[in-house]
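Input: a single structure, listed below in structure tokens.
The values are calculated or read from the model by the stated rules, or taken from the named source; none is laboratory data. Please read all numbers here as calculations on a predicted model, not as lab measurements. Quick reminder, even Gly has a Cβ in these numbers, built from the backbone with ideal geometry, and neighbours come from all protein chains shown.
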Amino acid sequence: MQTIFLGMKAAFNIYMKIMVVDDEILSVVSLARGLRSKGHQVLTVQSAHDALATIASDDGSIDLIVTDYQMPEMNGIDFLRNIRHEKKRIPVILITALADQKIMVAAVKAGCDGFLAKPFNLDELSWEIEKVIALSDSSRNPQDPE
């Protein structure tokens with residue numbers, strides 16, 4: 001269960017369906033365990049290609065994607081570009097051990113919603129998720145200026 005604060009809106013609890021994409025099984029298991037402990041439903045995938053196939057057949061139930069940058073066959077930014085090319089507006093958080101400014105800039109240009117450098121803890125991931133969801137919600141529902 002996640003408590004989210006959205007601007008002037010009241011806090012609410014939200015359970016999300018989060019897809020975790022990483023080729024390293026230990027990372028997938030660790031992230032999934034942590035996210036489930038927060039009440040989220042977690043879908044784990046070990047390649048960007050499998051993730052794209054899952055997203056293509058999804059009925060819109062995936063609320064957020066957490067993906068590693070460095071994966072064989074397709075890195076996290078190319079994965080993100082493929083998602084955006086298919087006109088999917090699912091929020092994406094990119095995680096990487098290579099906290100390089102060029103990667104961050106490329107991620108933002110590709111439409112990345114959040115970024116975490118490894119190592120990080122569950123609290124940092126939870127905060128990034130809250131931030132991304134809050135920004136995603138405010139961009140979909142802009143409030144009229146008073």
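Odds and ends about this structure:
- Any hit, segment 79-87, residues being more than 26 Å from VAL29 (Cβ to Cβ) and at pLDDT below 90: yes
- For VAL28, the conditions (1) within 22 Å of ARG84 (Cβ to Cβ); (2) at pLDDT 95 or above; (3) crowded, with 17+ Cβ neighbours inside 10 Å all hold with the exception of (1).
- Some residue of segment 101-116 being buried (at least 16 other Cβ atoms within 10 Å of the Cβ), out of contact with any strand residue (DSSP E or B) (no Cβ under 7 Å at 6 or more places or on another chain), over 23 Å from SER57 (Cβ atoms) and of a type in the set (A, V, I, L, M): yes
- Evaluation of ILE93 against (1) touching a residue at least 40 places away in the same chain (Cβ under 8 Å); (2) under 12 Å from the mean Cα position of the chain (by Cα) (one fails), failing number: (1)
- Residue that is more than 11 Å from VAL21 (Cα to Cα) and part of a helix (DSSP H, G or I), where the choices are ALA51, ALA134: ALA134
- In segment 92-146, residue nearest to MET71 (Cα to Cα) [restricted to those that are modelled with pLDDT of 90 or more and of a type in the set (S, T, N, Q)]: THR96
- Condition met for VAL45 (more than 20 Å from LEU135 (Cα to Cα), surrounded by fewer than 19 Cβ atoms within 10 Å (Cβ to Cβ) and modelled with pLDDT of 95 or more): no
- Candidate set: segment 54-78, residues that are assigned to a loop (DSSP other than H, G, I, E, B) and aliphatic (A, V, I, L, M); chosen: the one surrounded by the fewest Cβ atoms within 10 Å (Cβ to Cβ): MET74
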